[in-house]
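Here the structure is laid out as structure tokens; the discussion comes afterwards.
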Amino acid sequence: MISLERYPREITLRDGARLTLRPMVPEDADRLWDFFRRIPPEDKMFFREDVSRKEVVERWAEHLDYDSVLPILALEGDRVVGDATLHRNKTGWKQRVGTVRVQIAPDFRKRGLGMSMIREMRHLGEKAALHYLLAEAIEEQQPAIRAFEKMGFVHAVVYRNFVNDQKGALHNLVVLLYHMTYSEEEMSF
Amino acid sequence: MNHSAWYNVPAWVRYNFTMPLSRMTCPACGADLAYDSHQAEKGPDGKEMCPYLGRPYSKLRAAHDLIYFGKWRKMDATTTDIRRAYHQIGRHLKAIGEVLGTKDLPAARRDLGKAVEAFQAGDPEGESPDSLRFMDHALSYAHTAIDDLLHEEGLPPHDPMEFSKWYDAVEVPFKEEW
């Protein structure tokens, strides 16, 4: 169980915009659906589920289980402008691996919010005692890939023509890993 | 205050010549600044105000920027410039480590760990291009660790370009795309 005492917390972006970060609650379903409606179609092509269907988002909101999927929302006032999720397996061989997914509203890109959300995911990953964080991106999503790299994620593998968009075209999938295990010796300066 | 580096006079002067930059070391944060005194903000006492004044982690920011805009990154850098920068990076990493020692921020400690790793891979005597690359990596990870500290307090990341006019700066492009 990750402690969520740090939420809600305020952050300030480079341009002075003030946002609130907090875990998603069931009452956020409409806000989150509105957020996904504003995501450009070319980005939505790579989503795992059809978030243009409101029932999909409502289902997420109804079945929130922070120990499996912890969604952290970035809000400007009442509007969701960013969504980062930490996916975990409670048991089994991948229980020390967390998967990170981040989506940013188009008008909040290139403002440092993506980096802030990745920082938040790293913090939560540490608190969950994970050994690795894993992020996946389509090779065309270079700004996102560079943001993950800047936060210490490294290319683990690129799968060629591995995933298809909603129109059926194939794309390369980049898998990035952030290694969290360390020894006390490594951490002493 | 002394004068060493030079700057182009403002356009309104209608002459094209250079003037020496003013220099100041901030007694509070230790920032070593070189600036155009006409453009510097002045305090109530008429003296130039350190741009880091009142900002969280001002010492770390100032130390970072001094290295970031340092002569070692210029084309005409000497071995002495590089050696000096190497030791500045070492002291900077130690200072960050001291601050992080009082915080429960494992991700930031990890960033600092990577900075130390890159720093130790560098060799200021070797004159190899790899040495400069490792120093650059060390400074970059140090910057990330400072941003981790700022993020934890809900503050925006440190942008060295915001302070570039206070240094005899080399153009260093920085772009955050996401």
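No lab work stands behind these numbers, since they all come straight from the coordinates. Remember, predicted model here, so these are calculated numbers, not experimental data. No Cβ is skipped: glycine too gets one built from the backbone with ideal geometry, and neighbour counts run over all protein chains shown.
With chain A treated as a Gaussian network of Cα nodes joined by springs under 10 Å, which of A:LEU86, A:LEU13, A:LEU176 yields the largest mean-square fluctuation?
Of the options given, A:LEU13 has the highest mean-square fluctuation.
Name the shape class, rounded, prolate or oblate, that the alpha-carbon gyration tensor gives for the protein assembly as shown, where a ≥ b ≥ c are the square roots of its eigenvalues, rounded holds for a/c under 1.5, and otherwise prolate holds if a/b is larger than b/c and oblate otherwise.
Judged from the Cα gyration tensor, the protein assembly as shown comes out prolate (a/c at least 1.5, a/b above b/c).
Indicate the gyration tensor shape class of chain A (rounded, prolate or oblate), computed on the Cα atoms with a ≥ b ≥ c the square roots of the eigenvalues: a/c under 1.5 is rounded; otherwise a/b larger than b/c is prolate and the rest oblate. Please report the intermediate quantities before stating the final value.
On the way: a/c = 1.36, a/b = 1.11, b/c = 1.22.
It comes out rounded by the Cα gyration axes.
Where Lys and Arg each count +1 and Asp and Glu each count -1, what net charge lies around A:ASP50 among other residues with Cβ under 14 Å from its Cβ?
+2
If the chain between A:HIS155 and A:ALA17 were fully stretched, how many nm would it gain, using 0.36 nm times the residue separation less the Cα-Cα distance?
Details: separation 138, 0.36 × 138 = 49.68 nm, distance 3.15 nm.
46.5 nm is the gain from fully extending A:HIS155 to A:ALA17.
Testing the spin-label approximation: label points 7 Å from Cα along Cα→Cβ at B:ASP159 and A:ARG79. State their distance in nm.
2.0
For A:GLU140 and A:ARG53, what is the calculated FRET efficiency with R₀ set at 25 Å and r taken between the beta-carbons, to the nearest 0.05?
0.55
Give me the dipole magnitude in Debye, nearest 20, for the protein assembly as shown about the Cα centre, with unit charges on the beta carbon: positive for Lys and Arg, negative for Asp and Glu. Write down the numbers at each step before the final one.
Working: 50 positive and 57 negative charges, 41 e Å.
Result for the protein assembly as shown is approximately 200 debye, rounded to the nearest 20.
Under 12 Å between alpha carbons, and skipping anything fewer than 8 positions from B:LYS165 in its own chain: which aspartates and glutamates qualify?
The qualifying aspartates and glutamates are B:ASP36, B:GLU41, B:ASP65.
May I ask you to derive the FRET efficiency for A:ASN172 and A:LYS94 from their Cβ-Cβ distance with R0 = 35 Å, giving the value to the nearest 0.05?
Calculated transfer efficiency: 0.95.
What FRET efficiency do you get for A:ASP30 and A:ALA129 if R0 is 41 Å and r is their Cβ-Cβ distance, rounded to the nearest 0.05?
Efficiency for this residue pair is about 0.75.
So which lysines pass the test for A:LYS94, namely a Cα distance under 28 Å, with those fewer than 8 places away in the same chain ruled out?
Result set, ordered by chain and number: A:LYS44, A:LYS127, A:LYS150, B:LYS114.
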